[in-house]
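> First the structure, which I've put down as structure tokens, then a few questions once you've had a look.
The values are calculated or read from the model by the stated rules, or taken from the named source; none is laboratory data. All of these numbers come straight from a predicted model, not from anything done at the bench. Backbone-built Cβ (ideal geometry, glycine too); neighbour counts: all protein chains shown.
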Amino acid sequence: MSFQLPALPYSLNALEPYVSENTLNFHHGKHHFTYVNKLNDLIKGTSFEGMSLESIIKETCGQADLVGIFNNAAQTCNHTFLWKSMKPKGGGVPTGEVLEKIEEAFETYEDFKNEFVQAGMSQFGSGWVWLVQNDEGQFKIVKTGNAETPLSCATQTPLMTCDVWEHAYYLDYQNRRNDYLNTFLNHLVNWDFVAENMKK
């Protein structure tokens, strides 16, 4: 079976005014769609056909001759994870165990927020900012370049992500990545998704 472009978990205009319908049309309908199709083309007739996305990512990570498969598998997976990391009327300070874990790791939510935004701002070029949980159950902020993902690291469980490739925000924010990152945390991040991933 080939991979399919997953439907968004909300309508194309559901994240407005923070992420426009125009951006989601391009980001989901063009960029994500292209990664899925390219991956299907690359794995057709190979030993990777029929594997899960996570298995393909782990099998191809760090393999120079398989970088095309890795990039498209990881980007297919990263984008699916991104859509779930956002929700209409999301953002703001979380509650319950998520907030407890944030305060345990970063002291205050504001300290977490500042570190998350700084990680996104300091990611040179294209990439991702992640909130992950390590094997000891501690929250950490990590950033990855291009298609890289914590899924290729056995010691980290991704909880949520923010895409800092320019195609994720340029139509709405132009070069104002700082505004985009702050808006993501203030109005978009899906803390319920974080809580679900903590329990896995």
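> Wholly within the range 120-200, which helices (runs of 4 or more DSSP H) include no fewer than the required count, namely at least 1 residues that are buried (at least 20 other Cβ atoms within 10 Å of the Cβ), at pLDDT 95 or above and more than 14 Å from the chain's Cα centre (by Cα)? Show your work before the answer.
On the way: elements: 170-173, 177-183, 191-198.
Per the criteria, 177-183.
> Let me ask something else. Looking only at the range 82-110, filter to residues that are part of a loop (DSSP other than H, G, I, E, B) and more than 17 Å from the chain's Cα centre (by Cα); which one of those is farthest from L12 (Cα to Cα)?
Looking at residues that are part of a loop (DSSP other than H, G, I, E, B) and more than 17 Å from the chain's Cα centre (by Cα), I get E107.
> Which of the residues spanning the range 13-35 are surrounded by 15 or more Cβ atoms within 10 Å (Cβ to Cβ), within 16 Å of N78 (Cα to Cα) and without any contact (Cβ under 8 Å) to a residue 24 or more places away in the chain?
L24
> Continuing with the same structure: Does the range 36-45 contain any residue that is in contact (Cβ under 8 Å) with a residue 40 or more places away in the chain, touching a helix residue (DSSP H, G or I) at 6+ places or on another chain (Cβ under 8 Å) and either closer than 23 Å to Q174 by Cα or surrounded by 13 or more Cβ atoms within 10 Å (Cβ to Cβ) (or both)?
yes
> Hey, among Q75, Q63, which residue is closer than 28 Å to Y10 by Cβ and outside the structural domain of L185 (by TED's automatic domain parsing)?
Details: Q63 fails: closer than 28 Å to Y10 by Cβ.
Selected residue: Q75, the only one of Q75, Q63 that is closer than 28 Å to Y10 by Cβ and outside the structural domain of L185 (by TED's automatic domain parsing).
> May I ask you to verify whether G91 is buried (at least 17 other Cβ atoms within 10 Å of the Cβ), among the small types (G, A, S) and in contact (Cβ under 8 Å) with a residue 12 or more places away in the chain?
Here the answer is yes, as G91 does meet what is asked.
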